[in-house]
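The values are calculated or read from the model by the stated rules, or taken from the named source; none is laboratory data. All of these numbers come straight from a predicted model, not from anything done at the bench. Backbone-built Cβ (ideal geometry, glycine too); neighbour counts: all protein chains shown. Please note that ligands, DNA and RNA were not included when accessible areas were found on the heavy atoms of the full protein model with its side chains. Shrake-Rupley method; radii C 1.70, N 1.55, O 1.52, S 1.80 Å.
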Amino acid sequence: MQRHKKWLIITIWISTIAFIGAGFVGWGQYKYGDKASSVAKVGDVEISMSELQKAYSRLYQQYNQMLQGNFDEEKAKQFGLQKQALQQLVQQALLVNLAKSYDLMVSDIELFRVIKSQKVFYKNGAFDKETYKQVLSQNRMTPKEYEKGLRRELLIQKAVGLLPVKASPNEEKIVTTLLNIADKINYKILSEDMIHITPTDKELKNFWEGQKNNFMTDVSYEINFVKQSPVSKEYDKAAITKHYQENKTHFRDKEGKILPLENAKDAVIKELNAKASKDAALRTYIAFKKGKLDPSVKKETLTISNSNNPLGDQVLKTVTTLSATKPYAKPVLVNDTYYIIELVKTNPAMPKSYEAAKAEVLPLYLAQKRKEKLFALANSSVDTFIGQTTDFITVSSVDKINGLTKNEAGEFLQKLFTTDKKKAFITLKDGKIVLFNILEQKLLNNKNSNGSDVITRLKSTLFSEGLMKTLQNKYQTEIFIQGL
């Protein structure tokens, strides 16, 4: 622990940030197998639903910050956030099993030393116990839950600390030599902006003919539906009191304390109205299904698809589960209104006509032709081009290639210093092509090139991957939650 103190502190702070300030995001309910108290078991370590929800919440907040607040549950499903959260917990559990196999433990003194060092719990420049409790409460966490999670993080760090990854002198020498190879080059950057194409209608149509099955209409659904608007009723004191007594855990303040009835009354009435709305929607559903709708209920007809869906994603998702043998869907709630749906007909996807597909065909055609012409231009000019000349550059000189971003320059330099050609061109991921001619080459005497850091990072990555595979083979993983 002392040898890796600096690294450990950084990791602990990362862990702390993940625990504190993440808020809480849930995703509904899942069906369990026989192990209802846990969602998974890895070796001797069980993973609880609470841990999974918190891991999901932390990941959700991280993505939301990266996307500047433009993250929602739909994107979370697309990113497979639930599976990511479970995978993180499984990997942690594997390392906890490893720690236990070495009889490692984290003492109370070690644990509280770390907690007292975390400035998020400081008040007036020092650790404050009440602030500690308050911060955890605001994040819907008890001290017991937080300390359990932090103890696990420290235990994992102890286990990993037993397996340090270091660079040998020979490895360091080889990498340092590679980092000090320097080239002086002449180069020219070609981009698709240089290529101008004005396609004829005949060319576009020929392009479409060759791949018309890639331009299909959406599957569409002809539906009948009725709507059940929100119910708003008057409730006597007895009904309000009864519902509150039976469901008082639903009504809490910001600190998680149960509200008294006088403060929860509006929320109780809202919940009663929501229940009444759902009951009314279910009665309408039964009547609709039996063909006994009240004449005053308006039945509407609409055709919806992915590209034309005024009723929302949840309605479309529900409709896709219907069939000729099961045409009716139970009420679907959208913005406080219930929709009761009957599937009339499913229209399968079909190839679009050329005119209908033209707007989609044009950008694909232009992109393909620009790449073809740019590649042809690179081939024809690689032997005769005249470009910019650099000073001596190394694989790390990402800020010395004018016209490329640092990421683009990094990609170019990595490929440049692994090629065996003196004059050629390199294609970058973003479509740019860099023509180059190596004019001179020499070995620098740069004592600041730290080959040890590079090789240690590389070996650490490979070691971590290998360690996880070994632990997965050693400790059985059982998942008790459906859908993951």
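If I model a spin label at K278 and E478 as a point 7 Å from the Cα along the Cα→Cβ vector, what separation in nanometres do I get?
Output for this residue pair reads 3.3 nm.
Quick one: accessible area per residue over region 319-430, 1.4 Å probe, rounded to a whole number of Å²? List each step's numbers first, then the result.
Values: 6860 Å² over 112 residues.
I get 61 Å² per residue for this part.
Semi-axes of the equivalent ellipsoid for region 277-356, please: Cα gyration tensor eigenvalues, times 5, square-rooted, ordered largest first, whole Å.
27, 14, 11
Determine the distance separating the Cα centre of region 228-249 from the Cα centre of region 330-402; give it in Å without decimals.
54
Within the set of other residues whose C-beta is less than 15 Å from the C-beta of A55, count the net charge using Lys and Arg as +1 and Asp and Glu as -1.
Result for the local shell: +2.
Counting Lys +1, Arg +1, Asp -1, Glu -1, what net charge surrounds Q78 among other residues with beta carbon under 13 Å of its beta carbon?
My count for the surroundings of Q78 gives -1.
For K429, give me every one of the aspartates and glutamates with a C-alpha distance below 14 angstrom, ignoring sequence neighbours fewer than eight places off in its own chain.
E192, E408, E411
Sort R113, R370 by accessible area with a 1.4 Å probe, largest first.
If we order R113, R370 from most to least accessible, we get R113, R370.
Near the amide H of L439, under 5 Å away, which other amide H atoms are found, from residues 5 or more places off or on another chain, if H is placed in the peptide plane?
K184, I185, N186
So how do I109, I189, I401 rank on accessible area, 1.4 Å probe, biggest first, that is with the largest at the start?
Working: I109 120, I189 35, I401 5 Å².
I get I109, I189, I401, largest accessible area first.
Where a Cα-Cα gap under 13 Å defines reach, which aspartates and glutamates qualify for K442, not counting those fewer than 8 residues away within the same chain?
D183, D391
In terms of solvent-accessible area of protein heavy atoms at a 1.4 angstrom probe, what is the ranking of Y102, Y122, highest value first? Provide the component values of the computation, followed by the final result.
Details: Y102 120, Y122 75 Å².
Listed by decreasing accessible area, they come as Y102, Y122.
Put +1 on the Cβ of every Lys and Arg and -1 on every Asp and Glu Cβ in region 320-444; which of L416, L404, S353 then has its Cα farthest towards the positive end of the dipole?
S353
In the full protein assembly as shown, how much of L282 is accessible to a 1.4 Å probe, in Å² to the nearest 10?
70
If you add up the charges near Y338, with Lys and Arg at +1 and Asp and Glu at -1, over every other residue whose beta carbon is less than 15 angstrom from its beta carbon, what do you get? Walk me through the numbers before you get to the answer.
Numbers: positive: K227, K275, K278, R283, K289, K298, K299, K330; negative: D279, E300, D336, E342.
Here the count lands on +4.
If I compute solvent accessible area with a 1.4 Å probe over the protein chains, what percent of it on region 243-367 is carbon and sulfur?
On region 243-367, the fraction of accessible area on carbon and sulfur atoms equals 52 percent.
Measuring from a point 7 Å past the Cα of T321 along Cα-to-C-beta, which residues in region 211-231 have an amide N at less than 17 Å?
Counting only backbone N, you get no residues.
Mind checking which lysines have their Cα closer than 21 Å to the Cα of K469? Skip sequence neighbours fewer than 8 apart in that chain.
K41, K83, K100, K158, K166, K459
At a probe size of 1.4 Å, how large is the accessible area of D279, to the nearest 10 Å²?
Here the accessible area works out near 60 Å².
Counting only the heavy atoms of the protein chains, how much of Y339 is accessible to a 1.4 Å probe, in Å² to the nearest 10?
Its accessible surface works out to 30 Å², give or take rounding.
Strictly over 19 Å apart at the Cα level, which of K188/K373; K237/K270; K254/K275; K75/K326; K212/K317; K227/K275 would you flag in this model? Intermediate results must be reported in sequence, preceding the final value.
On the way: K188/K373 16 Å; K237/K270 14 Å; K254/K275 24 Å; K75/K326 30 Å; K212/K317 27 Å; K227/K275 16 Å.
Checking Cα-Cα distances, K254/K275; K75/K326; K212/K317 exceed 19 Å.
Which value, in debye to the nearest 20, gives the size of the charge dipole of region 284-325 about its Cα centre, when Lys and Arg are +1 and Asp and Glu are -1 at the Cβ?
In debye, rounded to 20, region 284-325 gives about 200.
Quickly work out the F79-to-K358 label distance, labels modelled 7 Å from Cα along the C-beta direction, and quote it in nm with one decimal.
Placing both labels 7 Å beyond Cα along the Cβ direction yields 4.0 nm.
May I ask you to compute the full-extension gain from N213 to K369, defined as 0.36 nm times their residue separation minus their alpha-carbon distance, rounded to one decimal in nm?
Between N213 and K369, full extension yields 54.2 nm more.
Any chance you could list the semi-axes, whole Å, largest first, of the equivalent ellipsoid that the Cα gyration tensor gives for region 46-147, using √(5λ)?
In descending order, the three semi-axes are 27, 23, 11 Å.
Taking R0 as 22 Å, what's the FRET efficiency between L333 and D266 from their Cβ-Cβ distance, rounded to 0.05?
Details: r = 21 Å, r/R0 = 0.93.
Taking R0 as 22 Å, the efficiency between L333 and D266 is 0.60.
Between S232 and K400, take the C-beta separation as r, use R0 = 51 Å, and let me know the FRET efficiency to the nearest 0.05.
0.15
So, with +1 on the Cβ of K and R and -1 on the Cβ of D and E, and no other charges, what is the size of the charge dipole of region 288-431 about its Cα centre, to the nearest 20 debye?
That gives a dipole near 620 debye.
Placing +1 on the Cβ of each Lys and Arg and -1 on the Cβ of each Asp and Glu in region 75-167, which of S137, Q78, L98 has its Cα farthest towards the positive end of the resulting dipole?
Q78
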